Amino acid sequence: MIMKNKLKRDLKARHLAMIAIGGSIGTGLFVASGATVAQAGPGGALLSYAIIGVMVYFLMTSLGELAAYLPVSGTFATYGSRYVDEAFGFAIGWNYWYNWAITVAVDLVAAQLVISYWFDAGPYSWLWSLLFLSIIFCLNYISVKGFGEAEFWFSLIKVVTVVIFIVVGLLMIIGIFRGVEGAGWQNWTIKEAPFAGGFSAMIGVAMVVGFSFQGTELIGIAAGESKDPEKNIPKAMRQVFWRILLFYILAIFVISMIIPYTDPNLLRNNETDVSVSPFTLVFQNAGLLSAAAFMNAVILTSVLSAGNSGLYASTRMLYALAKEGKAPKIFAKLSSSGVPRAALLATTFVAMLCFLTSMYKDQAVYLWLLNMSGMTGFIAWLGIAISHYRFRKGYFIQGNDVDQLPYKSSFFPFGPIFAFVLCLIITLGQNYEAFLQDTIDWKGVIATYIGIPLFLMIYFGYKIVKKTKWVKYKQMDFSRED
């Protein structure tokens with residue numbers, strides 16, 4: 001019987017490492033990073049990345065403790081149901097599935113825009129999106145090993161690009177590459193530098209930075225298909241985070257030293273215009289004139305990587321929901337190779353529908369879908385912090401020895417509390433300036449915050465229908481069977 005098949009634990013430590021790196025290094029770093037320097041100045045941008053980086057580190061140690069103890073594909077949705085409230089897990093799971101299904105559609109649109117740099121197919125450009133969707137669908141359809149290998153190589157290209165960028169940038173700063181203007185500390189002293197724009201700029205940059213780090217939690221989704229999760233998940237959590245933070249901090253440092261924060265090109269962060277990517281600008285300053293074509297290829301790889309990961313994450317979340325009875329049972333069926341193909345087909349179909357809405361002149365539906373999904377990553381992070389705090393409390397209250405956990409977060413209870421508070425501030429403050437204007441732009445406010453009432457509607461709807469209650473510490477289920 002198909003139902004007797006299980007998820008295959010074919011993801012190795014190197015796959016997990018690259019899945020986490022690939023989830024967070026993308027257009028946020030390659031394109032939008034320039035805008036953070038322009039808005040908050042070199043010091044403000046670096047400080048924002050450091051603070052948000054610490055928050056994400058705490059979140060990853062929380063997720064590491066949970067995922068090493070209970071490595072399941074449902075991750076934070078399952079943890080939310082077990083350690084918070086069944087309705088909480090239900091809402092997080094469906095929101096997270098929806099978020100990544102929409103993200104795949106966004107990536108399909110971005111892919112055809114990026115590839116138009118070389119081949120502009122005009123009204124038939126949607127064929128590129130169809131081609132890319134077919135590729136990532138096949139990678140996910142065959143086996144989890146196929147997904148893992150593809151993500152490993154996609155991510156490796158991005159990592160090598162960032163390393164080359166940092167090395168070239170540092171060589172420019174110390175003067176090995178000649179003819180470069182502005183490579184020095186003077187960029188940190190011009191006008192309002194190193195901090196520009198005040199507190200509001202810091203808040204605005206913090207939101208961009210937070211979005212840039214989203215995707216790191218994908219490693220938790222992959223926990224249910226990883227080899228030796230008790231060993232490999234904590235290892236990946238520790239190593240990958242510091243690599244990501246190092247990449248971001250050093251990349252921002254290089255950008256701020258070589259390009260003045262007053263350079264108007266830094267504010268133009270349209271992912272369809274790679275010529276103004278800060279990476280492209282730095283490479284061109286170093287005399288690498290073909291940098292735009294190179295960066296376009298890397299950005300295309302990033303988009304495909306994001307689509308590949310998004311399809312995987314949303315498929316596994318739908319599978320986990322079905323397995324727990326929170327979605328139709330058919331989505332819990334697995335192929336002989338351990339792939340939930342029914343869930344994959346359903347997710348691909350939804351992504352395709354969302355992609356089609358972007359093709360019409362009136363893109364209102366597409367933009368609303370995109371805005372509703374934007375908040376979901378932060379809600380998932382909040383869910384991780386809440387679930388970990390209650391997990392550890394319940395684990396201790398039931399008389400278990402926390403030192404016996406496969407991986408123990410060293411910063412409890414400060415870590416999850418700090419992460420929760422800062423993440424909540426960023427979530428609620430995304431468009432706080434709108435409320436300070438003489439006339440409030442309600443359309444813009446609704447577009448920004450629509451994800452919150454959507455989550456609450458799903459949560460309270462399930463809670464009322466199923467009459468669920470918050471799980472008491474003494475009644476928590478700490479069994480470790482998948």
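The values are calculated or read from the model by the stated rules, or taken from the named source; none is laboratory data. Being a predicted model, the structure only gives us computed values, none of them experimental. Reconstructed Cβ throughout: ideal geometry from the backbone, glycine too, with neighbour counts over all protein chains shown. Accessible surface is based on the protein model in full, side chains and every heavy atom, while ligands, DNA and RNA are left aside. Shrake-Rupley method; radii C 1.70, N 1.55, O 1.52, S 1.80 Å.
Converting phi to 3J(HN,Hα) with the Karplus coefficients 6.51, -1.76 and 1.60 and the offset θ = phi - 60°, the stretch 469-477 yields 10, 4, 6, 6, 4, 6, 9, 5, 9 Hz in sequence order, with x at every glycine or proline.
Given the stretch 425-468, report the % of alpha carbon pairs whose separation exceeds 11 Å. Display every interim value, and only then the final one.
Numbers: 664 of 946 pairs.
Result: 70 percent of Cα pairs exceed 11 Å.
For E217, no residue whose modelled amide H falls within less than 5 Å of its own remains once neighbours fewer than 5 places apart on the same chain are excluded.
For W470 and W442, calculate 0.36 nm times their separation in residues minus their Cα-Cα distance, and state this gained length in nm to one decimal. Mind dumping the intermediate values first?
Values: separation 28, 0.36 × 28 = 10.08 nm, distance 3.40 nm.
6.7 nm is the gain from fully extending W470 to W442.
Here semi-axes √(5λ) of the Cα gyration tensor in Å was calculated from the structure, and among (i) 56, 30, 21; (ii) 36, 26, 23; (iii) 60, 26, 21 it sits at label (ii).
Rounded to the nearest Hz, the phi-derived 3J(HN,Hα) couplings of the stretch 59-69 under the Karplus curve 6.51 cos²θ - 1.76 cosθ + 1.60 (θ = phi - 60°) are 4, 5, 5, 5, 5, x, 5, 5, 6, 5, 6, where x marks glycine and proline.
Taking a 1.4 Å probe, which of K469, K323 shows the most accessible area, and what order do the others take after it? Working shown, then result.
Details: K469 165, K323 100 Å².
Ranking K469, K323 by accessible area, largest first, yields K469, K323.
When exposed loop sites are taken as chymotrypsin sites (Phe, Trp or Tyr not before Pro) in a DSSP loop with at most 10 other Cβ atoms within 10 Å, the longest stretch of the chain clear of them is 120-359.
Mind ranking D438, D10, D85 by accessible surface for me, highest first, 1.4 Å probe?
Details: D438 160, D10 50, D85 0 Å².
Sorted descending by solvent-accessible area, the residues read D438, D10, D85.
Amide H contacts of S73: G224, each under 5 Å away and 5 or more positions distant or on a separate chain (H built 1.01 Å from N in the peptide plane; Pro and chain starts excluded). Rg over Rh for the stretch 382-482 works out to 1.10, both radii taken from alpha-carbon positions and Rh defined as the Kirkwood radius. Where the accessible area of the chain is counted over protein heavy atoms with a 1.4 Å probe, how much of it, in %, is carbon and sulfur? So the carbon and sulfur contribution to the accessible surface is 66 percent. For the listed residue pairs K333/K463; K329/K463; K12/K463; K12/K333, the alpha carbons are over 30 angstrom apart in K12/K463. With θ taken as phi - 60° and the Karplus curve 6.51 cos²θ - 1.76 cosθ + 1.60 applied, the whole-hertz 3J(HN,Hα) list for the stretch 279-295 is 5, 4, 4, 5, 4, 5, 4, 7, x, 8, 5, 8, 4, 4, 5, 4, 5 Hz, x standing for glycine and proline. Taking all protein chains as shown and a probe of 1.4 angstrom, L108 keeps an accessible surface of around 10 Å².
Volume per residue for the stretch 408-450 equals 62 cubic angstrom (convex hull of Cα atoms). Computed over the stretch 196-258, the P(r) curve from all C-alpha pair distances, binned at 5 Å from the origin, holds 3, 14, 17, 20, 16, 11, 8, 6, 3, 1 percent per bin. For the residues S33, S134, a 1.4 Å probe over the protein chains yields an accessible-area ranking, largest first, of S134, S33.
Averaging the sequence gap over all C-alpha pairs within less than 8 Å and six or more residues apart, then dividing by the number of residues, gives the chain a relative contact order of 35 percent.
Take the convex hull of the alpha carbons in the stretch 129-253; its mean projected area over all directions comes to 11.6 nm². Estimated at the nearest 10 Å², the accessible area of M352 is 70 Å² with a 1.4 Å probe.
Working from Cα positions, state the angle (0 to 90°, nearest 10) between the long axis of helix 341-357 and the longest principal axis of the chain. Once rounded, the angle reads 40 degrees. Close amide H contacts of D85 (hydrogens built in the peptide plane, cut-off under 5 Å, sequence separation of 5 or more or a different chain): V471.
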